[in-house]
Amino acid sequence: MGRTSDARQKILGAARSLIEGRGYSALGVAEICKAAGVPKGSFYYFFESKEALALTVVDEHWAAQQRDWTRILGGDAQPLQRLRQLFEETEAGLRIGQQGCGTVSGCLFGNLTLELSNQTEAVRGRLQEIFDAQVGMVETVVADARERGDVTVTDTREAARAVVAQIEGQVMFAKLYNSTQRLSPLWDNCRALLGAR
């Protein structure tokens, strides 16, 4: 049973790495299994389809990211400082990834949104749920900042959506230009979006 569990994790690890590096559509099950070092039969033991694998990769990535966002955004620092820490840790994570493979991989969710949102409803729906959850987490912080008089926005939900869109857009530029420096404007842009005092 230990080997079976190991095979599942190997498949997930290989799939995530390949999806981040090359995208989803060009990948085949055989290539994923080869990269994972497992027989093709193992794939279908754990996953009904390539789409089911992609959904599992997305869910596992979100579980880890959600823990990080909860730690940062639920911390004791002042609201705007929590947002700034989120931006800094996002940039640091991309920098670490770039050092490992030589390129900025971008955001797994953003990459899959651009590639698959018109192709698979299951993946699109799951990504919508994740982005809505991110917006909700940021909205809580924006509302805290508003209560303190740190920002002037009136619609905290739309402001939070703009912050998440700003993160995604800057991460996309970082990938496009292969430079984590593209995330540097995040703090000033978000202060402007929120009408920070």
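Quick note: the coordinates plus some simple rules give every number you see, no bench work behind them. Fair warning: this is a prediction, and the values are worked out from it, not measured in the lab. Cβ placement follows ideal geometry from the backbone for every residue including glycine, while neighbour counts extend to all protein chains displayed.
The order of Val142, Val164, Val57, going from fewest to most other C-beta atoms within 10 Å of their C-beta, is Val164, Val57, Val142. All other residues with a Cβ under 13 Å from the Cβ of Arg124 taken together, and with Lys, Arg as +1 and Asp, Glu as -1, what is their net charge? Net charge in that neighbourhood comes out at -4. The fraction of Cα-Cα pairs per 10 angstrom bin, counted from 0 for the stretch 1-142, comes to 10, 36, 34, 16, 4, 0 percent, rounded to whole percents. Sorting Arg157, Arg197, Arg84, Arg182 from the fewest to the most surrounding beta carbons within 10 angstrom yields Arg197, Arg157, Arg84, Arg182.
Provide Cys190, Cys101 in ascending order of the number of other Cβ atoms located within 10 Å of each residue's Cβ, fewest first. All intermediate terms of the calculation are to be shown ahead of the outcome.
Values: Cys190 24, Cys101 11.
Listed from fewest to most nearby Cβ atoms, that is Cys101, Cys190.
For a test of understanding, tell me how many lysine pairs in the chain have Cα atoms under 20 Å apart, given they are 8 or more places apart or on different chains.
Working: Lys10/Lys34; Lys10/Lys40; Lys10/Lys50; Lys34/Lys50; Lys40/Lys50.
Close lysine pairs under the 20 Å cut-off: 5.
What FRET efficiency do you get for Ala192 and Glu48 if R0 is 41 Å and r is their Cβ-Cβ distance, rounded to the nearest 0.05?
On the way: r = 46 Å, r/R0 = 1.12.
After rounding to 0.05, the efficiency reads 0.35.
Over the stretch 52-194, Cα pairs under 8 Å with separation of 6+ residues give a relative contact order of 26 percent.
Spin-label model, Arg22 to Ala64: label points 7 Å out along the Cα-to-beta-carbon direction sit 2.0 nm apart.
The Cβ shell under 13 Å around Arg71 holds other residues with a net charge of -1, Lys and Arg each +1, Asp and Glu each -1.
Post the alpha-carbon centroid distance, the stretch 1-67 to the stretch 99-176, in whole angstrom. After rounding, the separation between the Cα centres reads 24 Å.
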